[in-house]
Structures are given as C-alpha cells and as structure tokens.
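Comments concern the structure below.
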Amino acid sequence: MTDEWGLDKRNFDAISLLEAVCNSKAVVITTEEGEVDAQATFAAQAKCAKITEEFSRWLWSDDERRDTLVTEYNRRFNSLRAPVYDGSHLRLPGLSDHFTPHFYQRNAVARIINEPSTLLDHVVGAGKTGTLLISAMELRRLGLVRQPWIVVPNHIIEQVGREAKQWYPAANVLLGSSATTAEGRRRFIAQSAASEWDMVIVPQSAFTAINVSNDVRTAYAEKQLDELRAQLQDSTVERSQKAIMRAIKAAQARLEKLMAAETKDIGLRFEESGCDYLMIDEAHMYKNKQRVCNIEELSCATAAQRAEDLSLKLDVLRERRRDEARARGVPEHAVVERVATFATGTPIANSLGELFVMQAYLRPDLLRGRCGRSRGLGAAFTATHTSVEVNATGTKLRPVTRVAKFTNLPELLALTNAYTDVVTRDQVPVKLPELRTGARQIVSLKPDVEVVDFIGDLGWRAEHLDARKPQRDNILKISNDGRNASLDPRMAHLGAPEHSRAAEVAERATEVQRRLGDRQYRDRDTGELLPARGPLQLMFCDRGTPSKDPRQFTVYQAIKDELVARGMPPEAIRFVHEARNPAQLKALFAQCNRGEVSVLIGSTEKMGTGTNVQSRLAALHHVDVPWRPADLEQREGRIVRQGNQNDEIDMFLYVTESSYDTVMWQKVQAKDLFIQQMRRKEVLDSEIEDLGGGDIGAAAAEAKAIATGDPRYLRQVELDDTVRRLTALDRAHQQSVRSRDWQVTVLERAIPNKQTDIDALAPVAQAAAERGDAPHRVVVGGSTFAERTDAAAALTTACRRAYLAGKDRGASRFEPIGAAINGVEVLGARDLTHDMLLLRLNVPSRSAEIDGAELLAAGSSLGLDVSGPKQLGLLRRVENLYTGLPEHHVRLQREQERQRAELDDLLAHPPAPFEQRSELEAKQAELSALTLELRMAAETPEAKARAEAANQRMKMRGREPGWSLTLNPTPALVEELGYPNADAVRRAVRIRERMALEHHQREITPRNQDRSRDEDDRGLGH
C-alpha cells in the first residue's frame, strides 16, 4: 500500500499522507540538515494529489454516501438566498429638504433596519456617510436601537459632524472630537451616558482607547483562550499547533496583565456609555483580527489592538442583546443580535481571504452553523499548495502553504451576500467626472543606460541567489531595488537621470495648470465663486516620502523642485506629511478646497481614506505603482467623486519601460479586475486562482524577464519548474517500481524458506504439544538432571561459558552451548552491541534475550541460595522456548500466508508506466527548444553588441556582477565587507568607480592620440 500511496520514509507512509490530506496539512520533507528535500517533497505532494483524487472518486462512487454529502453541503452552504431590499417606501422624517437620498442609499437603509448586521460595500464616493447618518436616525426612530455610535477616522470627525447637522438639523448629535485624551474620554462617556442622543460620532483612536471593565475583558480573554485550546486539541498540523500555542501564550500574557493592573482611563466604561449599536466607517482598517489557520492568508496570529478591541465590543453588544431578549422571554433561536454596520469601499484589499474576517465580525452565526473556525473555511473554500519562499524580513527560506485557488465560489459569495450591500461605480446615478481622454493616460519613460545596466544586474542577482544566505540577498530585496530604480535612479543610489520621472510629472502637471489655470470654482457649502483660480492636482507616491535628513533624496522634493523650476509658486505645492495632527490636516484640506494649493503630494495611507478635496480636482498622478487593488481604489476615489466641479479629469500612470513598473501594474490591474467582477456578481466559475502571488520562482523569472526585456524567460522558468517537478515524480515512480520488484524477489525467496522452516518444525512442534505438562528432560554436558535446581545451575554455567566464548568469536552466530531440552539442542550467540546472550533451539523458534550482567551475577554465585531464583528463571525461559514451539509453528504458517497474499497482490498489480511520461517529454522538448532559442537570441550580432557595450561600461567603472547590491547593501553584506554602515560601503564603491574611470581615461587618451596622428598622416599622404 505504501508503494502506491505513500513513501518509504518515516511519517510519510500512506496512512500519514492520508491524514495530512484530510487535515489540509502541508507536506514538506526536509533533510537531516533541515533543508527542503525538493525531490522527496514533490513525490509526497504527488502522492497526496493521487490520494485526494482517489478519495474523491471513492466518496462519490456510492449513491447513498453521495446523497448524504450533497444534502449536508446544500444545508450548510446552498440554503442561503441574498435578500433584496426596497427602501422606496421610507419617509425618513427629519431629513433636510436639501438632500435627496439615492435609491441605493434607501435600499441600504432598509437592509440595515431589517438585518442584525450589515456590510456596506459601496464604491468610494457613493455617499456611505450619508447612508450611515440616515440609518442611525431610522434605527433610533423605530426604537430598534437606543444610541448608535458612528466610528470614523480621526481626521474627518469634524467633517462628519458637520454633515450630520446638515442632513438632520434637528438631530441631537454628540461629537467626540475632544475624546482624544483620557480626560476628554471620561467627559465624553459621561455625556453619552447622561443624555438621549440620536447619534454619537466618535474618532477611531478614541473608540479604541475607551475601555470595557476588567471583568468583561477578562471573560473575553478567557473565552478566546478556551477557543484556542479547543482549536489546539483539534489540530493535527504541527505548524498550526505552533501558531496556536503562540496565540495562547500571547492571550495568557494579556489576561495576566489585565488581572495584575487597572487600565489608565478611570471612570465609566464602554458598557456604561449607553452605546448599543456600532457603525464602523472605513472598516477595512480593522481587518487584522486574530485567527489561526495552517493556511497563511487565512491566519493572523498576532492581532492589531484596534481589531481585537472592536471584536470585544461587538461581543459585549451581542451579549447585551441576548440578555435583553431573555428578559423579554424571547426564545434563544429567535434572538436578533442587532449590533453593527460596517462601511468600506474596499472590503477586499488584496485577497478573497479577507472576506472571512468581515464574516467573523458581522455574522459569526452563519459560520458557527456551517464551518466553524478558519480551518473549516479553508477546507470548504480553498485549495492550497506549498512552495518555498523568503520570509518577511528576507533572512530565511521557509516552506509556505498558500491558497492556490478559491473553490465553491457561488457558495462563498452566497454566505457573503447574505449580509453585504454592494454598490458599484456604474450604479451611482449622479454625474461623476469622466476621464478626458476616455482612459488613464500611460506616460512611458525610457530608462537611462545606468538604469538599464542596474536592472540587468538585478537579473544576474536573481539567477545567482544563494539559498543558504537569504539575509545577504534575496528576491524581495531584488524587487525592492528594482522598484526604487524604476521610480528614480537616485532612490537606488545611482546618479541623476537626464530626464527624471519627477520632471515628467511636473511637465504633465504644468500642462494641466496651464489649461485650467483661469477657471473659477465655487465654495462647496455656499455655492459662491471663490477668488482663487486654477485646479488642484493630487500626486500619489508611496516611496521616496519626505525625510528629516536634508541630505537624503526624496521623490517628493524632486517633484516640488521641478514644479518650482517651471514657474509654480512653492507655497502652492504642499506635502500631506506636513500635517501632524487632525486639526492641521483639516486646515490643509480647507486650503485645497479654497484654491490656495495647486498640487498636493502624499502617500496612499495618508491621503487616501477620508480625503475630501475633490471640489477642484482636475488631475490625479500615480507617481508610483500602488501595492494593492484597494490602494488603487482609494487613490482614484479621491477624484472620481460626488462634488467634483470638473466634468472631465485626467489620470496619469507613469511607467519606466522595461522595468518593474510594467509587471507591478499588470498584477494590480488583474487583481482589481477580478475583485470588481466579484462585486458585480459576474463571477460564473466555481473556482479561481488566488491572485496573491508570492512564489519565489515566479519572482525570479520576472526579474530575468524585466532585465532582458524578453518575456520568454517567464515561460522558461515556468517550464524549468514543471520539468524539475515531473522529473522528480518520474524518479520517485522508478524508485517505487524498483522497490516493488525488490519486494517480489524477497518474497519469492522467503516463501520457500518459510516452508522449509514449517516442515522442519512440524514434528518437533507436534511432540511439544503432545508432552503437555509433563516434566522436561534437560541435558547439559551429556548429563541428565532429575532435580530442576541442578539442571538450572548446570544450564547457567553452560550459558555463562557461551557468553564469555562469544566475546572472542566476534561475529554473532548461533553455536551449540552443550545443552538440550527434550532432545532439542539449545544454541547461543552473543550480541556484542547490547551485551546479551541470545538463546534459541536448533529448530525454527523464537529467541530469548539474557542480560549479560545478570548472567554473570547468576553464574558467579553457584551453590548459593541467593542465585537460585535467577538460575531457575533462566531454565524457565529455555523451557518456554520449547513449550512455545506449537504457537511459533502456527505463527510461521500465518506469516507465510501473509507473504503469499502480498506476493499475489504485487503480481496481480504490476507497476503502471509513469502516467505523466508524455507530458514530461513534451515539456522537456519545449524547454530544450526555448533554451536554444534564447541562447541563439543571445548570440545574434545585436545581442552581442549590447552585451559587449554593457561589459565595456561595467569595465570602465570597475564593476563586477552583483554591483547593484553593493550600492544598496543589506546589513549582512555590510558586516561581511567589514564596513560600519551602508553609506561607508557606497563611499568605497564610488571611490573605486572613480579610480576605474580615471584609469580608463588614461588608457584611451594615448590610443586617441595615436588614432589622430594616423588620420593626419593619411591626410598628408593624399
């Protein structure tokens, strides 16, 4: 069985692999040195795939079993229908006549009124804040909640408070803008508890800082511990067990800290504040909730404080709802846990796994009845694969189990749609600004030769990575260096380019300013024309941000310098990083809306969520590539937004040709496309590959393809990986065939030998059975003993002699010891390894193990009573060998039957040929052809000329392969080179390059002079 379904390795036999498959356990085999054994791992994973396929076939082969499973699956996952709400009938008393909610806002309010919890997945700019305000007032008016809290990012609290009074002028609103200090929070909670408020608006940081009582927090921590312990008991995956144990340790530390000391804020607690419903704006900021799973994307062992705090407070509100229901006599199954509405334009930032977090927050009841913990979700909705990757710090290689694809998508989305209200951009009926050119404008920049050489060196580094020294260089480091060089060579410590990206951004921005510089805009509140003219432009850049060190190059300052050089006033160019607190940020945004700022530069984190400066926004510049689709959505949601007075806008994407920019943009846009399709319910397939990426081989292939400008290198690495995997499987198959053939040979020899033993033992075993309980006849040294004590003493002496004689013989072989029992000779052999004497009979029999030290002790005390029991014990063991012969005879027959059955099975199932032989041969042929193509392409005159030119440039500067790393050294390389810091390494590199250039100049000057004289001589000759 192991030959077909497992490996001949400890812990990786057929049963172990079946257990791994059933528990979604990653199978990785390592060597004694701890390195991943790629061939054995590939083989084990192939066996797992085969087990999975066969298990699935077996599962569905029985009609009754199939019907049972289908019924249970449908009960759990196919029994939900997404509700559709119509809010057109809502009268919305108290709403200002100046505001008319959109149809989707009314529908969302109707959903929130009728559902225990809701996720507003509304596109950025669709008016989520207005929907939350209306919902809060309606929940309060209908008596469904007493005091709804709206939790918003700190920097927009004043704005939301202002909008609340504009939408509902008569509403009793408590604004918690002063709750950012301990004293302010005490006063805020006292106010919220003392009065009847229609809604309470609280800043995000203050909400997290508001405590619950230690008793409640302790109970929550103990509940978490109980869940983790139960999860640990259920887990069979070692990596998951370690993660759970780490989580338990952290939870215990938190619990001990809670029990040891009071928290800083003294006074009323959250549960005494009067809040009984939460509305969380920008809910994606709470996605780092603790969850432990053997699948990395579904796991977050170390939770963010704000996420755990929110989870605790939702738990408090749910418990309060249950208590209220019990007090009213409502049965347990009918309790409505009305606790929260989450609002975000980006519930999925990067991976579908983030859906599980929202589900755990909002509708844990749907999970409890279906798949329980994260592990159950992973088993139901994901398929995984294990690859070798660099860890987050770039210091070590590790096996990582990742989501290869999401499965059962319709059922997964049905779970989500049960509580999610989705609004996409095309559903927003208001007129939003349109792209002036009909699409994003891609601005392509040609890289300088220095950048081309730098990226070429990155390709060399990717090909020559030392897996044993990831802390020296790794694929993450290579990618980071490449992205820096693509953005601006100075970010990678190269010289200034002839035409930088900063200069191109400034050119485009100046064109927009020139075209719209005379346009006037209106005040967003009063509608009056503002005196300042000209548009506002946003520039997003997550790299090269402002630095306190004036000597450090930053992209922000480079752009500002280029804009100033083109005539833009310095005071009209601002960095969002200048605002150090919410008040300063509010003032900066007000200046933008008044027209006092022409260009605002910032990062996605600081200028994304909550940035409402759209009144005069005419252009958005993606100076660098956003990391995730959510970042793209947040960036562009600043300009494609209600309230923008420009009918047409520009969006600029800046891409350096043959660089990391193109690959990064392709990835982000591919992810964004799928996420948008999923939100619009346009996903028809039942499974899709995960777009998270992270495979080290693919990353290295990208580096090579970028460095050469030839995408065929991606295919080459893909083919090489496939061929290596299939070759490993072929070797494992051949090894399995050889093992099977060897087993057949062994069994074909063993069965006749076993028959010989059976035949030889048969008469002796029959005689032993017929003797029954009759006294045994013991002969030692030719003497027969009537007394057992005498026989025992003589046998002990014989055994002692055999034991001592065995030391000189060396090899452990059985020899007669000069004793017999019932006519059957006793044989002995010394086991030097374990220091014992082995006894058996001169017929096929079991053996008895006699400890050498005990034997010497018994033999040295002959004639003394103290040794009598030991000597009699030795005699009994020899007698037992004889009396056990009938049983041993039966055992031999059974062993022979098992061997025959095993041989028959092996002969009846000859090894099949390697199933993937044709695929392997085809891939090998394609790889050989492609490798030849690439080699020939590298040998063309043009390619040789390029390579020679690059080599000359490297030689001229004294550079060697890997030089890009010395300009951007890792701490490990700095230590290896013996320098105090990275700057010292760079100074040494520049000195060496300058000396090489000077040497090159000295060499070529005489040659140029000689060439000039030759030309002069030829001229005179004419």
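Please return the ranges of strands (runs of 3 or more DSSP E) entirely within region 579-658 where 1 or more residues are assigned by TED's automatic domain parsing to the domain that holds residue 534 and of a type in the set (D, E, K, R). Full working, then the answer.
Details: elements: 599-602, 617-622, 648-656.
Passing ranges, in order: 648-656.
Could you check residue 471 against (1) in the same structural domain as residue 603 (by TED's automatic domain parsing); (2) outside any helix (DSSP H, G or I); (3) polar (S, T, N, Q) and say which number it fails?
(1)
Consider region 141-159. How many of its residues are assigned to a helix (DSSP H, G or I) and either under 32 Å from the mean Cα position of the chain (by Cα) or crowded, with 21+ Cβ neighbours inside 10 Å (or both)? Step through it out loud before you land on a result.
Going residue by residue through region 141-159, those that are assigned to a helix (DSSP H, G or I) are 141, 154-159.
Retained after the next criterion (residues that are either under 32 Å from the mean Cα position of the chain (by Cα) or crowded, with 21+ Cβ neighbours inside 10 Å (or both)): 154-157.
Count: 4.
On the given criteria, is residue 833 more than 17 Å from residue 800 (Cβ to Cβ) and at pLDDT below 90? Don't jump to the end; show me each part of the working.
Values: more than 17 Å from residue 800 (Cβ to Cβ): yes; at pLDDT below 90: yes.
Yes, satisfied.
Every residue in region 469-482 that is closer than 24 Å to residue 716 by Cα and either at pLDDT below 90 or surrounded by 20 or more Cβ atoms within 10 Å (Cβ to Cβ) (or both), please. Walk me through how you get there before you give the answer.
First, pick out the residues of region 469-482 that are closer than 24 Å to residue 716 by Cα: 470, 473-482.
Scanning region 469-482 gives 470, 473, 474, 475, 476, 477, 478, 479, 481, 482.
Looking at region 312-345 only, could you name the residues that are among the small types (Gly, Ala, Ser) and touching a residue at least 12 places away in the same chain (Cβ under 8 Å)?
340, 343, 345, listed by residue number.
Can you name the number of the only condition in (1) assigned to a helix (DSSP H, G or I); (2) in contact with a strand residue (DSSP E or B) (Cβ under 6 Å, 6 or more places away or on another chain); (3) among the aliphatic types (A, V, I, L, M) that residue 503 fails?
(2)
Taking region 177-216 only, how many residues are outside any helix (DSSP H, G or I) and out of contact with any Pro (no Cβ under 6 Å at 6 or more places or on another chain)?
First pass over region 177-216, keeping only residues outside any helix (DSSP H, G or I): 177-181, 195-203, 210-213.
Checking which are out of contact with any Pro (no Cβ under 6 Å at 6 or more places or on another chain) leaves us with 177-181, 195-198, 200-203, 210-213.
Within region 177-216, residues that are outside any helix (DSSP H, G or I) and out of contact with any Pro (no Cβ under 6 Å at 6 or more places or on another chain) number 17.
Run residue 45 past the list (1) surrounded by fewer than 16 Cβ atoms within 10 Å (Cβ to Cβ); (2) over 30 Å from residue 679 (Cβ atoms); (3) not hydroxyl-bearing (Ser, Thr, Tyr) and report the number of the one that doesn't hold.
Every listed condition holds for residue 45 apart from (1).
From the list 458, 476, 465, which one is within 24 Å of the chain's Cα centre (by Cα) and either within 30 Å of residue 646 (Cβ to Cβ) or in a helix (DSSP H, G or I) (or both)?
On the way: 458 fails: within 24 Å of the chain's Cα centre (by Cα); 465 fails: either within 30 Å of residue 646 (Cβ to Cβ) or in a helix (DSSP H, G or I) (or both).
Of the residues listed, the single one that is within 24 Å of the chain's Cα centre (by Cα) and either within 30 Å of residue 646 (Cβ to Cβ) or in a helix (DSSP H, G or I) (or both) is 476.
Here is a yes/no grid of residues against (1) within 19 Å of residue 617 (Cβ to Cβ); (2) out of contact with any Leu (no Cβ under 8 Å at 6 or more places or on another chain); (3) of a type in the set (D, E, K, R):
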{"position": "498", "(1), (2), (3)": "no, yes, yes"}
{"position": "506", "(1), (2), (3)": "yes, no, no"}
{"position": "509", "(1), (2), (3)": "yes, no, no"}
{"position": "518", "(1), (2), (3)": "yes, yes, yes"}
{"position": "524", "(1), (2), (3)": "yes, yes, yes"}
{"position": "544", "(1), (2), (3)": "no, no, no"}
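Which one of these does residue 912 not meet: (1) surrounded by fewer than 16 Cβ atoms within 10 Å (Cβ to Cβ); (2) more than 39 Å from the chain's Cα centre (by Cα); (3) not aromatic (Phe, Trp, Tyr)?
Result: residue 912 fails condition (2) only.
Hey, any hits in region 523-534 for a residue that's within 30 Å of residue 151 (Cα to Cα), in contact with a Phe, Trp or Tyr (Cβ under 9 Å, 6 or more places away or on another chain), hydroxyl-bearing (Ser, Thr, Tyr) and assigned by TED's automatic domain parsing to the domain that holds residue 504?
Of the residues in region 523-534, the ones within 30 Å of residue 151 (Cα to Cα) are 523-527.
If we keep only those that are in contact with a Phe, Trp or Tyr (Cβ under 9 Å, 6 or more places away or on another chain) too, we end up with none.
No.
If we keep just the residues of region 318-343 that are under 27 Å from residue 678 (Cβ atoms) and in contact with a Phe, Trp or Tyr (Cβ under 9 Å, 6 or more places away or on another chain), which is surrounded by the fewest Cβ atoms within 10 Å (Cβ to Cβ)?
Taking the candidates together, the pick is 339.
What are the residues in region 599-623 that are surrounded by 24 or more Cβ atoms within 10 Å (Cβ to Cβ) and charged (D, E, K, R), if any?
The one that is surrounded by 24 or more Cβ atoms within 10 Å (Cβ to Cβ) and charged (D, E, K, R): 616.
Under 7 Å by Cβ, and 6 or more places apart or on different chains, what pairs join a residue from region 44-62 that is among the polar types (S, T, N, Q) with one that is assigned to a loop (DSSP other than H, G, I, E, B)?
45/27
How many residues does region 107-126 hold that are of a type outside the set (D, E, K, R) and surrounded by fewer than 22 Cβ atoms within 10 Å (Cβ to Cβ)? Outline the logic, then answer.
Start the filter on region 107-126 by keeping residues that are of a type outside the set (D, E, K, R), which leaves 107-110, 112-114, 116-120, 122-126.
Within this subset, residues satisfying the condition of being surrounded by fewer than 22 Cβ atoms within 10 Å (Cβ to Cβ) are 107, 110, 113-114, 116, 124.
Summing the residues that are of a type outside the set (D, E, K, R) and surrounded by fewer than 22 Cβ atoms within 10 Å (Cβ to Cβ) in region 107-126 gives 6.
Regarding region 531-552, can at least one residue be identified that is within 36 Å of the chain's Cα centre (by Cα), free of Cβ contacts under 8 Å to residues at least 12 places away in the same chain and not in a loop (DSSP other than H, G, I, E, B)?
The answer is no, given that none of the residues of region 531-552 is within 36 Å of the chain's Cα centre (by Cα), free of Cβ contacts under 8 Å to residues at least 12 places away in the same chain and not in a loop (DSSP other than H, G, I, E, B).
Scanning for something surrounded by 13 or more Cβ atoms within 10 Å (Cβ to Cβ), among the aromatic types (Phe, Trp, Tyr) and in a helix (DSSP H, G or I), does region 781-798 turn up at least one residue?
Checked region 781-798: no residue is surrounded by 13 or more Cβ atoms within 10 Å (Cβ to Cβ), among the aromatic types (Phe, Trp, Tyr) and in a helix (DSSP H, G or I).
Can you name the residue in region 432-448 that is surrounded by fewer than 16 Cβ atoms within 10 Å (Cβ to Cβ) and of a type in the set (A, V, I, L, M, F, W, C) and is also nearest to the chain's Cα centre (by Cα) among such residues?
Selected residue: 442.
Being under 27 Å from residue 365 (Cβ atoms) and free of Cβ contacts under 8 Å to residues at least 60 places away in the same chain is the filter here; which residues of region 86-104 pass it? Break it down stepwise before answering.
We begin by selecting, within region 86-104, every residue under 27 Å from residue 365 (Cβ atoms); these are 86-87, 90, 104.
Residues satisfying the conditions are 86, 87, 90.
Can you tell me which residue among 976, 933, 879, 897 is surrounded by 12 or more Cβ atoms within 10 Å (Cβ to Cβ), acidic (Asp, Glu) and in contact with a helix residue (DSSP H, G or I) (Cβ under 9 Å, 6 or more places away or on another chain)? Give the derivation first.
Details: 976 fails: in contact with a helix residue (DSSP H, G or I) (Cβ under 9 Å, 6 or more places away or on another chain); 879 fails: in contact with a helix residue (DSSP H, G or I) (Cβ under 9 Å, 6 or more places away or on another chain); 897 fails: in contact with a helix residue (DSSP H, G or I) (Cβ under 9 Å, 6 or more places away or on another chain).
Going through 976, 933, 879, 897 in turn, just one is surrounded by 12 or more Cβ atoms within 10 Å (Cβ to Cβ), acidic (Asp, Glu) and in contact with a helix residue (DSSP H, G or I) (Cβ under 9 Å, 6 or more places away or on another chain): 933.
In region 258-277, is there at least one residue being under 30 Å from residue 381 (Cα atoms), assigned to a helix (DSSP H, G or I) and modelled with pLDDT of 90 or more?
We begin by selecting, within region 258-277, every residue under 30 Å from residue 381 (Cα atoms); these are none.
So far as region 258-277 goes, no, none of its residues is under 30 Å from residue 381 (Cα atoms), assigned to a helix (DSSP H, G or I) and modelled with pLDDT of 90 or more.
The values are calculated or read from the model by the stated rules, or taken from the named source; none is laboratory data. No experiment lies behind these values; they were computed from the predicted model shown. Don't worry about glycine lacking a Cβ; one is built from the backbone with ideal geometry, like all the others, and counts go over all protein chains shown.
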